[in-house]
Amino acid sequence: MVALSLCLTTPLPSRAIELLPLLLRGAQILQLSNLSTNQEVELGRQMNDQVSREVRISRNQQLTNYVSQVGRRLVLNANRPNIPYTFQVVEDEQINAFATLGGFVYIHTGLLKAADNEAELASVIGHEMGHIEGKHLIEQMKQRAIASGVASVTGLDRSQAVAIGVDLALNRPRSRKDEFDADARGLRILTRSGYSPTAAVSFMRKLQSQGSIPTFLSTHPATGDRINRLQQQINQFPQINSNDGLDSASYRNNLQILFR
């Protein structure tokens, strides 16, 4: 503060005076185009605080531990292992899942119950991790900030960034390009982790056959197009015979215990 006060004793050019409030608030201004990993994680924590006020985060520690255990297995084979992933369960019967920034992934109880086995659950977690790997939400936030006129040449106010990010994560579908990219990244993570890659396709097919497409699939491209592309990618894998994670009886038994 001494150095700052000394600087202010000298008359400043008008342009410097205009920038002064931004300099004083510098710690609150973000450049979304070049967020560091630490900045992304901190922004994700602040978004999590907001998300926690808008959805009901489960206090069932055993259930959360189980989902986190599946998630940690996937993290070991992700392309951003330096991200401190956090997996949480949302108490909501809607079949849904979403992710924000910095490794925060949310799985609805409705999705846990809709999955037939652990590999299907892992395929959805992997897909959400794919969005984080691809930094899709960051790009969406940047586009929204520019379109709404809240971004300046210096960047975006942190509180505005949090509000935009939470709204996009909870209420807005991803683009066709982002969904295909997250599917491919998620499938790679799933397969590297030893889970059967067929689970990604079987889960989507089951939800598609039910007629009512859940929120996390209600996007462009159509579910059928995503299924076809996933199957093509699986067909290119060299002799994958893993059935790991496909034990439906074991998964159902786990859920019955965990939901008590």
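The values are calculated or read from the model by the stated rules, or taken from the named source; none is laboratory data. In this text, all values refer to a predicted model and were calculated from it rather than measured experimentally. Don't worry about glycine lacking a Cβ; one is built from the backbone with ideal geometry, like all the others, and counts go over all protein chains shown. Accessible surface areas use protein heavy atoms only, side chains included; no ligands, DNA or RNA. Shrake-Rupley method; radii C 1.70, N 1.55, O 1.52, S 1.80 Å.
Summary of computed values
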| read-out | value |
| --- | --- |
| Straight-distance crosslink candidates among lysines, where the alpha carbon sits under 22 Å from Lys142 and sequence neighbours closer than 8 are dropped | Lys177 |
| Sorted peptide list for 177-187, 63-73, criterion being average Cβ within 10 angstrom, highest first | 177-187, 63-73 |
| Carbon + sulfur, % of accessible area of the stretch 51-165 - ligands and nucleic acids excluded, 1.4 Å | 47 |
| Exposure ranking of Tyr195, Tyr85 by accessible area [1.4 Å probe, largest first] | Tyr85, Tyr195 |
| Spatially proximal aspartates and glutamates relative to Lys135 (Cα-Cα < 13 Å; intrachain offsets below 8 disregarded) | Glu40, Asp178, Glu179, Asp181 |
| Largest-first ordering by accessible area, 1.4 Å probe, given options Lys206, Lys113 | Lys113, Lys206 |
